[in-house]
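S.K.: Below: one structure in C-alpha cells.
The values are calculated or read from the model by the stated rules, or taken from the named source; none is laboratory data. As the structure is a prediction and not an experimental result, all values here were calculated from the model. FYI the Cβ positions are ideal-geometry reconstructions off the backbone, even for glycines, and counts take in every protein chain you see. With ligands, DNA and RNA removed, areas are computed over all heavy atoms of the protein, side chains included. Shrake-Rupley method; radii C 1.70, N 1.55, O 1.52, S 1.80 Å.
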Amino acid sequence: MAKVMTSGGEALIRALADENVDIIFGYPGGAALHIYDAIYQQDRVQHILVRHEQAATHAADGFARATGKPGVCLVTSGPGATNAITGIATAYMDSIPLVVISGQVPNHLIGTDAFQETDMMGISRPIVKHSFLVQKPEEIPVIVKKAFHIATSGRPGPVVIDVPKNLTDPNEKFEYKFPSDLYLRSFALYNEAKNSEVKKAVKLLTEAERPVIYAGGGAINSNAAEEIYEFGKLMGCPVTNTLMGLGVYPASDEQFVGMLGMHGTYEANMVMHEADLIMAIGARFDDRITNNPNKFGLQAKKIHIDSDPSSIDKIIDVDVAMTGNAKKVISQINKELKAMNFDNKKFDGWMKKAMQWRAEHGLNHNMLNQKNAGDIILPQQVIQSAYKVTDGKAFVTSDVGQHQMFAAQYYHFNEPRKWINSGGLGTMGFGLPAAMGVKFAFPDETVACITGEGSIQMCIQELSTCGQYGLPIKIINLNNRALGMVKQWQDMQYGGRYSSISYEDSLPDFIKLAESYGHIGMKVEKLSELEVAMEECFALKDKLVFLDVYVDPDEHVYPMLKAGGDMSEMFLSKTEKTFK
Amino acid sequence: MNHIALLMENQPGALSRVIGLFSQRGYNIDSLSVAPTQDETLSRLTMTIGEEGADINQILKQLYKLVDVVMVQNLSEADALTLELAIIKLNKTKAEVEGFFKNYKFEREILDEKDQYTVFKVLGDTQEIEKLLSELKKEEFLEVTRSGTLGMTKGNESLATNDQTKISYD
C-alpha cells in the first residue's frame, strides 16, 4: 500500500474516521483552525456546528447514550475548552463514553498566558477517565485509538485529547499509520465473575425470602437488558430501576415496581426497605437512592455487580461482590438458576405484598381522565399525554428538576437507551442538545425533550442548530413560571420563603421565540386542550415544535424520601407521610 | 499510618492525577516521594497516609483505577521495609550534637558545622524520626527536611513492572 502522508490535523480526522466515527459536534476557534481545515477537505466525518460548546458535549453525550457508541466533540482552546467542562462532568458522573478534542495554543506559548490559553489537562483532570496532551503529531493516531479504547471499555467515561496548534500544522506532513493493536500497561478489565462468587450469589438468591433486583445505568452501559429480563423472570421477584437505569427492565412488566430512591415509587422504596436480599446490578448506592446509608437495607444481604471495583463497598458494604460486566455476570447467574430448575413460587407472596403497596399508595397513571378545578393542567397529565400520543416509543430527553422526575415516574420506558437524562451531575440545559445528538443518531425516530421553562433557557440557543440541520424535535415545556424543584424544597424546608426562584414577568414568549428560529410554537393553558395539542405537536413530523404547557405552579413531586431517614420514610403528598 | 507504594507511567500529568485524587476524594497525604525507576518509562512513588479511619481499600482502588497507575501496594500490610531520611539543622556545635545523640540508636552523620550551626542527617523509621523531631522541639531547632517514607517488600516479590496488555482488534 502506498504511504499516506498527512498533517497532524488530517491525521486526527482520519483517525476518527478509522475509528468509525461519522459525526462530531463542535465549534471552531483559533487553536482548532488547522483541524477545521482538515475537516473541510474530507467527507468521512460530518461536523455539526452547535451554538455553544456545552451543547457540543451534551449532543455527543446524547448520541452516546442512545447508541452505546462513543460521542465525539471538538472545541477550541481557552473558552471553548472551559465551556465544554460542564458537559464533560455530566458524562463523567453518568459513565458515558465521550472523546473530547480540544485545541490548545502552540507548544512554545504554553505557560505564557497566551491568548485563549487555559490548562485544559488541569481543569478537566477530576472529571475525565483519562486525558492526553499530544506531544508529537506522529502519535495522534495511537492516542485516538487509546482514547476510544479507554472511553468505551470497563466503566465508560469521557477522555480528553488536548492538541497544541503547531502539531496540526498543514505544512508538516508525516506518514499516517492507524494502529491495529494497542498496548496499555496494567489496564484491568473485568468480564466474567469468579465461579465461586457466582455460586455464593446464587445461594443467597435462592435462599432469600424477599429478594429485590435493583438495576442502574451500568446495566444499560453493558447492554444487559435481555439478560436482566431473563433473570427477573427466573427470580419472579420485584424489580426496580434507578433514574439512570430506567428501561433496562420493561416498565410495563408486572414485576416492575417503578423507580426507587428520592422520588421513587412508594412500592419500590418499601420493597427496598423490607427486602432480605438486595441484588444491585450496575448501580452504585448513590445518596439519592439509599437516603441515610446507616439506615439502608438493614435487613438485607447484598450482592453487587459492577465493572468498577472502586464502586464496591464504597457507600454500602456488601456480602457478595462481583466485579465484572453485568451482561456476562447475569448470564452466569441465569445459567446456574436454570441448571438447578429454581422454583420461584416461594416469592409469590412477597410479590403480592409489593402489589399491595402499589394499591395503597402507588402512582396514579390514569390522570388524563380527571378534571381539575379551573381546567388547570397538572404536570403529570402532560407526561401521561405525551406517553399516550407516542405510544411509549419515543426517545425522551430531559433537563433537571420537577419535570425530570415527573417524566421518570410517568413515562413508562420499556427499552433501554430511550430515557436520556443527566442523573449524576443534574445538569440543567442538557435536554435540548442531548435530543439533537439522539436525533442525529436516529433521524427516523420520535425524539421528545421534556423540559421546564428554567432549564430550557440554559441552552435555548440550540434552537438555531436545530433550524440549521432541520431537526424535528418535540420540546414539551412544563411551564410553571418558577424553578419548581427549588420552590418545592423552599415550600417543604424553608417555610415557603421563595428565594430567587421566580421570573414570571420576564419570561420570553416561547411561541414567538420558537418562530423566530423558524420553528413552530404552541401554547396550552387548559387541560381540555392538552391532548389535542399534544397530538398536533407530534403529528407535525417534519417540524420542531415547542409546546409550551402552562402547568399548576404549586404541584410537588411525590413520593419524596425524608432527609436523613430510611427508605420507608416518605412524604406521599402535601398532607400525607409514612412517618411521624 | 499506611505506607503505599505505587508504580506509574513516567508521563507528564501522571503525578498530578495521583495527587489530585487525594484532594478530590477528601483524603490527606502525610508524605510523598517520587522518582524514576531503573525502567525510565516508570516512576515509583511512596506515600504515607496517616489519617485515622481513612478507607484505605477505597484509596487503593481509586489509585489503581487511574490509567497511568500501573501497580499499587499497601506496604503496611506486607512484609516490607520502610525508611526515611531527615536532614536537620540545629544551633549546636558538632560536639553538642554528638552528645545529644549518645542515647539514640539512629544511623546518623554530621554533614556540616558552620558558625555554631550543625547540619546532620538521620536515617530511620518514620515513626522514630517523628519521635526524634518532637524531642528536638525542646532544643534550638532551626530546620528540617524529610524525604518522606521509602519502602519495598522483602524477598521474591516486587511491584510488577512488565505487564503490558496487548489489545487486538480484528
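S.K.: Consider region A:259-286. How many of its residues are open to solvent by less than 20 Å² (accessible area, probe 1.4 Å) and of a type in the set (Asp, Glu)?
M.R.: The number of residues fulfilling the criteria is 1.
S.K.: May I pose another question? Out of the residues in region B:1-43 that are among the small types (Gly, Ala, Ser) and within 11 Å of chain A (Cβ to nearest Cβ), which is most open to solvent (accessible area, probe 1.4 Å)?
M.R.: That would be B:Ser23.
S.K.: Within region A:390-416, can you find the residues that are in a loop (DSSP other than H, G, I, E, B), closer than 12 Å to A:Val447 by Cβ and open to solvent by 10 Å² or more (accessible area, probe 1.4 Å)? Working first, answer last.
M.R.: So in region A:390-416, the residues in a loop (DSSP other than H, G, I, E, B) come out as A:391-394, A:399-401, A:411-416.
Within this subset, residues satisfying the condition of being closer than 12 Å to A:Val447 by Cβ are A:393-394.
A:Lys393 - this is the single residue of region A:390-416 that is in a loop (DSSP other than H, G, I, E, B), closer than 12 Å to A:Val447 by Cβ and open to solvent by 10 Å² or more (accessible area, probe 1.4 Å).
S.K.: Scan region A:424-445 for residues that are within 29 Å of A:Gln46 (Cβ to Cβ) and not in a helix (DSSP H, G or I) and jot them down. Spell out the reasoning first.
M.R.: First, the residues of region A:424-445 that are within 29 Å of A:Gln46 (Cβ to Cβ): A:425, A:427-445.
Selection gives A:Leu425, A:Thr427, A:Met428, A:Gly429, A:Phe430, A:Phe442, A:Pro443, A:Asp444, A:Glu445.
S.K.: I need the full set of residues from region A:20-40 which are in a loop (DSSP other than H, G, I, E, B) and either acidic (Asp, Glu) or at pLDDT below 95 (or both), in order please. Working first, answer last.
M.R.: As a first pass, look at region A:20-40 and keep what is in a loop (DSSP other than H, G, I, E, B): A:20-22, A:27-29.
Across region A:20-40, the qualifying residue is only A:Asp22.
S.K.: Residues that are away from chain B (no Cβ under 14 Å) and more than 30 Å from B:Leu7 (Cα to Cα), at least 2 per element: which strands (runs of 3 or more DSSP E) completely within region A:165-279 meet that? Spell out how you get there, then give the answer.
M.R.: Numbers: elements: A:181-185, A:211-215, A:239-241, A:256-259.
Of the strands (runs of 3 or more DSSP E) lying wholly inside region A:165-279, those with at least 2 residues that are away from chain B (no Cβ under 14 Å) and more than 30 Å from B:Leu7 (Cα to Cα) span A:211-215, A:239-241, A:256-259.
S.K.: While we're here: Would you check which residues across region A:419-437 are touching a residue at least 60 places away in the same chain (Cβ under 8 Å), surrounded by fewer than 22 Cβ atoms within 10 Å (Cβ to Cβ) and not aliphatic (A, V, I, L, M) and list them?
M.R.: Matches in region A:419-437: A:Gly424 only.
S.K.: May I ask you to list the residues in region A:109-128 that are open to solvent by less than 50 Å² (accessible area, probe 1.4 Å) and within 12 Å of chain B (Cβ to nearest Cβ)?
M.R.: Residues satisfying the conditions are A:Met120, A:Met121, A:Gly122, A:Ser124, A:Pro126, A:Ile127, A:Val128.
S.K.: Now, a different point. Could you list all residues from region B:78-107 that are of a type in the set (Ser, Thr, Tyr) and either open to solvent by 60 Å² or more (accessible area, probe 1.4 Å) or more than 14 Å from the chain's Cα centre (by Cα) (or both)?
M.R.: In the first step, residues of region B:78-107 are kept if they are of a type in the set (Ser, Thr, Tyr); the result is B:82, B:93, B:104.
B:Thr93, B:Tyr104, listed by residue number.
S.K.: Something else about it: Of A:Asp162, A:Asp169, which residue is touching a strand residue (DSSP E or B) at 6+ places or on another chain (Cβ under 7 Å) and either of a type in the set (Phe, Trp, Tyr) or touching a residue at least 24 places away in the same chain (Cβ under 8 Å) (or both)? Show your work before the answer.
M.R.: Working: A:Asp169 fails: touching a strand residue (DSSP E or B) at 6+ places or on another chain (Cβ under 7 Å).
One residue alone meets the criteria, A:Asp162.
S.K.: Separate question: Evaluate region A:531-543: report whether one residue or more is within 24 Å of A:Pro433 (Cβ to Cβ), free of Cβ contacts under 8 Å to residues at least 24 places away in the same chain and surrounded by fewer than 18 Cβ atoms within 10 Å (Cβ to Cβ). Don't jump to the end; show me each part of the working.
M.R.: First pass over region A:531-543, keeping only residues within 24 Å of A:Pro433 (Cβ to Cβ): A:534, A:537-538, A:540-543.
Add one more test, that the residue is free of Cβ contacts under 8 Å to residues at least 24 places away in the same chain, and what stays is none.
For region A:531-543, residues within 24 Å of A:Pro433 (Cβ to Cβ), free of Cβ contacts under 8 Å to residues at least 24 places away in the same chain and surrounded by fewer than 18 Cβ atoms within 10 Å (Cβ to Cβ): absent.
S.K.: May I ask you to list the residues in region A:319-332 that are of a type in the set (A, V, I, L, M, F, W, C) and either farther than 11 Å from A:His304 by Cβ or open to solvent by 30 Å² or more (accessible area, probe 1.4 Å) (or both)? Please lay out each step first, then the result.
M.R.: Just the residues of region A:319-332 that are of a type in the set (A, V, I, L, M, F, W, C), to begin with: A:320-322, A:326, A:329-330.
Result: A:Ala321, A:Ile330.
S.K.: I would also like to ask the following. Condition first: away from chain B (no Cβ under 12 Å) and either assigned to a loop (DSSP other than H, G, I, E, B) or crowded, with 20+ Cβ neighbours inside 10 Å (or both). Now tell me which residues in region A:129-139 satisfy that.
M.R.: A:Lys136, A:Pro137, listed by residue number.
S.K.: Please count how many residues of region A:287-308 are open to solvent by 40 Å² or more (accessible area, probe 1.4 Å) and either within 26 Å of B:Leu66 (Cα to Cα) or more than 14 Å from every other protein chain (Cβ to nearest Cβ) (or both).
M.R.: Within region A:287-308, the first condition is being open to solvent by 40 Å² or more (accessible area, probe 1.4 Å), and the residues that meet it are A:287-288, A:293-295, A:298-299, A:301.
Then drop every residue that is not either within 26 Å of B:Leu66 (Cα to Cα) or more than 14 Å from every other protein chain (Cβ to nearest Cβ) (or both), which leaves A:287-288, A:294-295, A:298-299, A:301.
Final tally of qualifying residues: 7.
S.K.: Quick test for you: out of A:Val159, A:Val142, pick the one residue that is within 14 Å of chain B (Cβ to nearest Cβ), closer than 29 Å to A:Gly437 by Cβ and surrounded by fewer than 21 Cβ atoms within 10 Å (Cβ to Cβ). Full working, then the answer.
M.R.: Numbers: A:Val159 fails: surrounded by fewer than 21 Cβ atoms within 10 Å (Cβ to Cβ).
Being within 14 Å of chain B (Cβ to nearest Cβ), closer than 29 Å to A:Gly437 by Cβ and surrounded by fewer than 21 Cβ atoms within 10 Å (Cβ to Cβ) holds for just one of A:Val159, A:Val142, which is A:Val142.
S.K.: Looking at region A:455-469, which of the residues that are in contact (Cβ under 8 Å) with a residue 60 or more places away in the chain and surrounded by fewer than 21 Cβ atoms within 10 Å (Cβ to Cβ) is nearest to A:Leu561 (Cα to Cα)?
M.R.: A:Gln461
S.K.: Would you tally the residues in region A:307-342 being free of Cβ contacts under 8 Å to residues at least 24 places away in the same chain, hydrophobic (A, V, I, L, M, F, W, C) and more than 22 Å from A:Met272 (Cα to Cα)? Steps first, please.
M.R.: Our first condition is that a residue be free of Cβ contacts under 8 Å to residues at least 24 places away in the same chain; within region A:307-342, this holds for A:310, A:312-313, A:317, A:335, A:339, A:341.
Cutting the leftovers down to hydrophobic (A, V, I, L, M, F, W, C) gives us A:312, A:339.
Now restrict to residues that are more than 22 Å from A:Met272 (Cα to Cα): A:339.
Here the count works out to 1.
S.K.: Here is a further query. Give all pairs with beta carbons closer than 6 Å in which a residue from region A:438-454 that is of a type in the set (A, V, I, L, M) meets a residue that is assigned to a loop (DSSP other than H, G, I, E, B); count only pairs at least 6 apart in sequence or on separate chains.
M.R.: Final answer for the pair search is A:Val447/A:Ile473; A:Ala448/A:Ala394.
S.K.: Restricting to region A:20-71, what's the tally of residues that are surrounded by fewer than 22 Cβ atoms within 10 Å (Cβ to Cβ) and of a type in the set (Asp, Glu)?
M.R.: Looking only at that region, the number is 3.
S.K.: Which of the following residues is open to solvent by less than 50 Å² (accessible area, probe 1.4 Å), part of a loop (DSSP other than H, G, I, E, B), under 23 Å from A:Ser7 (Cα atoms) and more than 10 Å from chain B (Cβ to nearest Cβ): A:Ser102, A:Ser77, A:Ser95? Give the derivation first.
M.R.: On the way: A:Ser102 fails: part of a loop (DSSP other than H, G, I, E, B); A:Ser95 fails: under 23 Å from A:Ser7 (Cα atoms).
From the options A:Ser102, A:Ser77, A:Ser95, the qualifying one is A:Ser77.
S.K.: So, one more: Only one of these is assigned to a strand (DSSP E or B), touching a residue at least 60 places away in the same chain (Cβ under 8 Å) and within 13 Å of chain A (Cβ to nearest Cβ): B:Met47, B:Met71. Name it. Please lay out each step first, then the result.
M.R.: Details: B:Met47 fails: within 13 Å of chain A (Cβ to nearest Cβ).
Just a single option satisfies the conditions, and that option is B:Met71.
S.K.: Continuing with the same structure: Just give me the residues in region A:175-197 being in contact with a strand residue (DSSP E or B) (Cβ under 7 Å, 6 or more places away or on another chain) and of a type outside the set (Gly, Ala, Ser), in sequence order. Talk me through it step by step, then tell me what you get.
M.R.: Step one: list which residues in region A:175-197 are in contact with a strand residue (DSSP E or B) (Cβ under 7 Å, 6 or more places away or on another chain), which gives A:175-176, A:181-187, A:190, A:193, A:197.
Within region A:175-197, A:Glu175, A:Tyr176, A:Asp181, A:Leu182, A:Tyr183, A:Leu184, A:Arg185, A:Phe187, A:Tyr190, A:Glu197 meet the criteria.
S.K.: Among the candidates A:Lys562, A:Lys523, single out the residue that is basic (Lys, Arg), under 17 Å from A:Met262 (Cβ atoms) and buried (at least 16 other Cβ atoms within 10 Å of the Cβ). Spell out how you get there, then give the answer.
M.R.: Working: A:Lys523 fails: under 17 Å from A:Met262 (Cβ atoms).
Just one listed residue meets the conditions, A:Lys562.
S.K.: Going through region B:50-61 one residue at a time, which ones are open to solvent by less than 50 Å² (accessible area, probe 1.4 Å), within 14 Å of another protein chain (Cβ to nearest Cβ) and farther than 19 Å from B:Met152 by Cβ?
M.R.: Of region B:50-61, the ones open to solvent by less than 50 Å² (accessible area, probe 1.4 Å) are B:50, B:54, B:56, B:58-60.
So of that shortlist, the ones also within 14 Å of another protein chain (Cβ to nearest Cβ) come out as B:54, B:56, B:58-60.
Those that are open to solvent by less than 50 Å² (accessible area, probe 1.4 Å), within 14 Å of another protein chain (Cβ to nearest Cβ) and farther than 19 Å from B:Met152 by Cβ: B:Ala54, B:Gln58, B:Ile59.
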